[in-house]
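Bear in mind these aren't lab numbers, they're just calculated from the coordinates by the rules spelled out. Since we're looking at a predicted model, the values are computed, not measured. Note: ideal-geometry Cβ built from the backbone for every residue, glycine included; neighbour counts use all protein chains shown.
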Amino acid sequence: MRHKESFLKYLTFEKHYSPHTVRSYENDLNQFYDFCMNTQSEHSIIKVNFKDIRAWVVFLMENRISARTINRKISTLKTFFKFLMREGLIDSNPVDKVFTLKQKKNLPQFIEQAQMDELLDFYQFGDDFEGVRNRLIIEMLYVTGMRRAELINLKDLDIDISRLTIKVLGKRNKERIIPITKEFRKSIEAYRVVRNDINTDTVNSCFFLTKSGKKLYEKLVYRIVNKHLGLITTLEKKSPHILRHTFATHLLNRGADLNAIKELLGHSSLSATEIYTHNTFKRLKQIYKQAHPRA
């Protein structure tokens, strides 16, 4: 599929999508192309029509792929064919007639505040480099709400100790400033002490490093978070993103303004942040039932 590479370059260099997002687009396109190769006599992607896409959606449903995943794949195709229209290769977008599937809304899972306090205040991570770093990774994700990719790409100069701020480069190269506390500053300074024993030339380099002085990678961050969250929760998902959900939910439960949370998370619209209000309302209902004498 010769047009795929041009499309992926467009996503990377013009839309500034993250490598993870671009890989997702590529995987979806590869799967669709494989389906067409196996089911259609005409293999040219520019000859694809509405019926071909609908047949793929039916195929995915029959293979019990979730509605959420199917909708993401439909969105991938829509963006791809829109790109082909922009390039003058097709006259209309065959995905425009394809309806997305109705999907169940899952409330974002989060860790209870008491559990986070237990992990950060009482668990012994160790005083060596990896122990201090691992604790700070979890605390950084929870205290700032940043994404895993944002944490990995965090530069040493992005952290302003004197102003108590962290500059985060989010999706599509959008910058945001997150405030930190004096207490959290102590954790950052403690990490810098042990890190500098491994790599003293940290100016303009990544803030978080491996024990060999290299940049962190996604799987390592996941393993660190998954291992330690497993000590305090039985939630099925124990990923770095759970700490982002926890950050937002705890702020909202303690009265933070929704617009302020939106800015801290780096959401482009308020609708993406509003999902956390469902968790808060659910908690209010529980409190009401427990506390009201007529409940």
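Structure data summary
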| read-out | value |
| --- | --- |
| Residue-by-residue Karplus 3J(HN,Hα) for the stretch 64-71, coefficients 6.51, -1.76, 1.60, Hz, glycine and proline x | 6, 6, 5, 4, 4, 5, 4, 4 |
| Within the chain: Cβ-based charge dipole about Cα centre, in debye rounded to nearest 20 (Lys, Arg +1; Asp, Glu -1) | 840 |
| Normalised contact order of the chain, rounded percent, pairs of Cα under 8 Å and 6 or more residues apart | 17 |
| Backbone HN-Hα couplings from phi across the stretch 56-63 [Karplus 6.51/-1.76/1.60, Hz, Gly and Pro as x] | 5, 4, 4, 4, 5, 5, 5, 8 |
| Electrostatic dipole magnitude of the stretch 2-97 [Cβ: Lys, Arg +1; Asp, Glu -1; Cα centre; debye, to 20] | 280 |
| Distance between the stretch 54-122 and the stretch 165-241 - C-alpha centres, whole angstrom | 28 |
| Highest average packing first - 263-274, 66-77, Cβ atoms within 10 Å | 66-77, 263-274 |
| Positive-pole candidate from His250, Thr273, Leu120, dipole of the chain, charges at beta carbon | Thr273 |
| Nearest-20 debye value, the stretch 40-192 charge dipole, Cβ charges on Lys, Arg, Asp, Glu | 980 |
| Packing-based exposure ordering (other Cβ within 10 Å, fewest first) of Cys206, Cys36 | Cys206, Cys36 |
| 5 angstrom amide H check on Ile65, placed H, neighbours 5+ away | none |
| Ranked list, fewest to most other Cβ atoms within 10 Å of each Cβ, for Leu11, Leu220 | Leu220, Leu11 |
| Listed pairs Lys155/Lys219; Lys171/Lys215; Lys214/Lys237; Lys47/Lys105 exceeding 23 Å between Cα atoms | Lys214/Lys237; Lys47/Lys105 |
| All aspartates and glutamates inside 14 Å of Lys82 as judged from Cα atoms, apart from same-chain residues fewer than 8 positions distant | Asp91, Asp96 |
| Radius of gyration and Dmax over the Cα atoms of the chain, both given in Å | 22.7, 70 |
| If the convex hull is drawn through the Cα atoms of the stretch 2-97, its volume per residue in Å³ | 96 |
